[in-house]
Amino acid sequence: MNCDVCQQTSATVFLTQIVEGKMQKVNLCEACSKEKGVTNSTGFALADVLLGLGAAQEIERGGGVQKCPACGFSHADFKKTGRLGCARCYDTFAEGLSGLLKGMHKGTVHTGKQPVRAARAFEAQIQLKTLHRELRKAVAEENYESAARLRDQIRRLEVPVPGGAAGTAGVV
Amino acid sequence: MPIHNILTNTGEWLHGDGPHSQIVISSRVRFARNLRGYAFPGWAKRAERLQVLEAVKPRVEELPEMADAYSVFSQDLSVIEKQVLVERHLVSREHAAKGAGSAVVINRSQTLSIMINEEDHLRLQAIRSGLQLQEIFQMIDQADSALEQKLDFAFHPELGYLTACPTNVGTGMRASAMVHLPALVMSEQINQVIQAVNKIGLAVRGLYGEGTEALGNLFQVSNQTTLGEKEEEIIARLQKVIEQIIGHEQNARQILLQKKPNTLLDHVGRGYGILVHAHSMSSKEALNLLSFIKLGIDLQLFPEVCRQPVDQLFIETQPAHLQKGSQRKLAAEERDVLRAEIIRAKLASFPKPEAGRLKWTRPEQGEPEALE
């Protein structure tokens with residue numbers, strides 16, 4: 001196979017790049033690859049250097065969403081920096097990240113410390129789900145007295161915790 | 001508290017009297033935390049970073065542990081002052097590179113430092129001399145719990161604490177110990193130890209963390225992963241491994257003492273000779289030679305009173321510590337001359353190492369278990 005650039009010398013450097021979500025393959029000879037700066041390590045995705053080879057590709061497996069709706073961070077930014085833009089990026093790029101995290105850590109689920117606030121919010125969510133289920137049941141059974149009681153309970157729980165809602169400022 | 005106090009007084013971890021302090025120089029634990037609803041510092045716009053700083057700094061200063069703390073904005077520190085804090089392990093190299101929009105708060109005893117807008121919005125770090133992982137974990141856990149009441153941290157029910165780098169997600173915790181392993185290096189067993197430690201998911205690095213060289217036979221051992229294990233489990237695992245490494249270093253010393261006493265004496269003697277007579281010395285050479293003097297003290301070739309001055313030299317001969325006294329930035333050659341001068345002055349009162357005194361009593365008995 002000859003070099004794609006000079007078409008004369010046989011290619012020894014095989015480059016696969018993802019540009020704008022499309023895979024591109026380029027075959028180069030040694031001289032041309034040097035000229036194009038391909039073997040120059042600074043052209044290497046920083047994400048690969050920091051997080052291990054393949055990290056930059058892994059993040060793209062999520063496909064679909066290219067940009068975090070909360071902060072505008074993109075796949076390309078991750079490849080460049082090896083860091084994420086904001087906490088929401090973990091949801092935005094969840095699919096691509098899951099493979100990456102699996103290879104990087106001992107497990108996939110956090111089992112350690114939780115902020116008391118988060119633990120409370122989590123409990124409240126579970127409680128709300130239970131109440132909603134009971135409400136549906138009460139309505140189905142035409143038990144309107146307990147349905148009204150359940151509705152009031154749900155309303156009380158649904159009052160948002162100040163500063164606790166997603167997307168709002170992190171300061172209480 | 002003014003910066004002057006920090007610069008002139010070394011912190012608790014440099015006094016070197018914690019448990020196992022012959023081999024374990026210091027223990028460190030750090031937590032990475034971010035606020036919900038703000039971009040991480042590396043991606044946030046300047047205005048957003050300033051908002052975070054404004055929201056976080058007063059809360060940090062309010063902590064009981066931070067009474068009369070040293071609190072400063074990054075732009076108010078000179079390059080040398082920042083570098084001194086890096087050499088003391090009170091701020092990271094990454095944080096030292098930051099300008100406006102970042103800050104650091106350090107407690108009086110220099111055991112707790114909280115960086116604001118490093119790679120994450122908050123980096124809480126505790127450091128103490130010797131092997132004290134449990135103690136510093138408790139200290140930092142307490143500070144974190146107090147902050148959490150006032151700040152809404154980004155937390156995911158499955159992934160735990162969310163961090164700018166996916167390698168820190170989960171506990172956001174990195175625990176490490178700095179160990180001095182001259183006998184394992186001399187007997188060429190160090191690579192085996194490093195490999196064994198790597199196999200069980202712990203990392204071994206040089207003196208100043210990621211990507212730095214192992215100078216002065218000093219190594220940092222830390223946890224590699226942060227997701228899927230409780231903080232206490234990580235700390236316990238690290239503690240166990242450090243204890244095993246201590247055992248291996250002690251064994252290596254005993255074997256060298258029995259089989260190659262002349263090699264030991266030669267290293268210590270040459271180190272002493274060069275340090276006492278050199279007129280120009282790089283920081284790399286200084287660290288490597290001081291390591292042998294430190295070993296010489298452990299082996300009773302020097303009296304115990306020499307220990308603290310040597311431990312101090314490890315830090316005082318670092319580039320920024322050398323320059324903090326002078327009004328201007330010194331060129332590398334000037335630093336090397338000044339470094340040699342400081343070392344000569346300090347070692348002038350040391351007696352010559354005496355081969356006849358060579359002796360080593362194992363501080364704690366007990367055979368080390370094999371590293372898995």
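The values are calculated or read from the model by the stated rules, or taken from the named source; none is laboratory data. A quick note: this is a predicted structure, and the numbers were derived from the prediction, not measured. FYI the Cβ positions are ideal-geometry reconstructions off the backbone, even for glycines, and counts take in every protein chain you see. The area values use the complete protein model at the heavy-atom level, side chains included, leaving out ligands, DNA and RNA. Shrake-Rupley method; radii C 1.70, N 1.55, O 1.52, S 1.80 Å.
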*On the given criteria, is B:I315 open to solvent by 30 Å² or more (accessible area, probe 1.4 Å) and within 19 Å of B:E285 (Cα to Cα)?*
no
*For residues in the stretch A:110-119 being at the interface with chain B (Cβ under 7 Å from one of its Cβ atoms) and of a type in the set (A, V, I, L, M), which is least open to solvent (accessible area, probe 1.4 Å)?*
A:A118
*Would you please list the contacts, defined by Cβ atoms under 9 Å and residues six or more apart or on different chains, that run from a residue in the stretch B:279-293 that is charged (D, E, K, R) to a residue that is open to solvent by 50 Å² or more (accessible area, probe 1.4 Å)?*
B:K284/B:E213; B:E285/B:I274
*For B:S71, are the conditions met, namely being hydroxyl-bearing (S, T, Y) and free of Cβ contacts under 8 Å to residues at least 40 places away in the same chain?*
yes
_Checking B:A97 against (1) surrounded by 23 or more Cβ atoms within 10 Å (Cβ to Cβ); (2) under 24 Å from B:G206 (Cα atoms), the condition it does not meet_ = (1)
*Would you point out the residue of the stretch A:121-141, among those that are within 21 Å of B:Q149 (Cα to Cα) and touching a residue at least 24 places away in the same chain (Cβ under 8 Å), that is farthest from the other protein chains (Cβ to nearest Cβ)?*
A:A124
*Can you name the number of the only condition in (1) closer than 30 Å to A:G103 by Cβ; (2) open to solvent by 40 Å² or more (accessible area, probe 1.4 Å) that B:H267 fails?*
(1)
*From the residues in the stretch B:88-102 that are assigned to a helix (DSSP H, G or I) and out of contact with any Asp or Glu (no Cβ under 7 Å at 6 or more places or on another chain), which one is modelled with the lowest pLDDT?*
B:R93
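May I ask you to say which residue of A:G103, A:G107 is more than 7 Å from chain B (Cβ to nearest Cβ) and either surrounded by fewer than 19 Cβ atoms within 10 Å (Cβ to Cβ) or of a type in the set (A, V, I, L, M, F, W, C) (or both)?
Exactly one of A:G103, A:G107 is more than 7 Å from chain B (Cβ to nearest Cβ) and either surrounded by fewer than 19 Cβ atoms within 10 Å (Cβ to Cβ) or of a type in the set (A, V, I, L, M, F, W, C) (or both), namely A:G103.
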*So B:E118 fits all but one of (1) open to solvent by less than 20 Å² (accessible area, probe 1.4 Å); (2) within 14 Å of another protein chain (Cβ to nearest Cβ); (3) more than 28 Å from B:T317 (Cα to Cα); what number is the exception?*
(3)
_Against the condition assigned to a loop (DSSP other than H, G, I, E, B), away from chain A (no Cβ under 14 Å) and out of contact with any helix residue (DSSP H, G or I) (no Cβ under 6 Å at 6 or more places or on another chain), how does B:D68 come out, does it pass?_
yes
*For B:S92, which of the numbered conditions (1) hydroxyl-bearing (S, T, Y); (2) open to solvent by less than 40 Å² (accessible area, probe 1.4 Å); (3) without any contact (Cβ under 8 Å) to a residue 24 or more places away in the chain fails to hold?*
(3)
*Among the numbered conditions (1) on the phi > 0 side of the Ramachandran plot; (2) touching a Gly at 6+ places or on another chain (Cβ under 7 Å), tell me where B:H89 comes up short.*
(2)
*Hey, among the residues in the stretch B:210-221 that are buried (at least 21 other Cβ atoms within 10 Å of the Cβ) and of a type in the set (S, T, N, Q), which one's farthest from the other protein chains (Cβ to nearest Cβ)?*
B:N217
*Taking the stretch B:147-168 as the search range and keeping residues that are surrounded by 17 or more Cβ atoms within 10 Å (Cβ to Cβ) and more than 7 Å from every other protein chain (Cβ to nearest Cβ), which one is farthest from A:V116 (Cα to Cα)?*
B:N168
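Pick from the stretch B:149-181 the residues that are in a helix (DSSP H, G or I) and in contact (Cβ under 8 Å) with a residue 40 or more places away in the chain: which of them is farthest from A:M104 (Cα to Cα)?
Let us first name the residues in the stretch B:149-181 that are in a helix (DSSP H, G or I), namely B:166-168.
Subset that is in contact (Cβ under 8 Å) with a residue 40 or more places away in the chain: B:167-168.
Numbers: B:T167: 7, B:N168: 10 Å.
My answer is B:N168.
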*Would a scan of the stretch B:193-201 turn up a residue that is in contact (Cβ under 8 Å) with a residue 60 or more places away in the chain and part of a loop (DSSP other than H, G, I, E, B)?*
yes
*Mind checking whether some residue in the stretch B:293-301 is within 14 Å of chain A (Cβ to nearest Cβ) and not aromatic (F, W, Y)?*
no
*So, in the stretch B:245-259, of the ones that are surrounded by fewer than 18 Cβ atoms within 10 Å (Cβ to Cβ) and in contact (Cβ under 8 Å) with a residue 24 or more places away in the chain, which residue ends up nearest to the chain's Cα centre (by Cα)?*
B:N251
*What is the one condition in (1) touching a Ser or Thr at 6+ places or on another chain (Cβ under 7 Å); (2) open to solvent by less than 40 Å² (accessible area, probe 1.4 Å) that B:I235 does not satisfy?*
(1)
*When both residues are 6+ apart or on different chains and their Cβ atoms are under 6 Å apart, which pairs have a first residue that lies in the stretch B:23-38 and is away from chain A (no Cβ under 12 Å), and a second that is polar (S, T, N, Q) and in a strand (DSSP E or B)?*
B:S26/B:S129; B:R28/B:S176; B:R30/B:Q125
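Looking only at the stretch A:91-136, how many residues end up being acidic (D, E) and within 17 Å of the chain's Cα centre (by Cα)?
2
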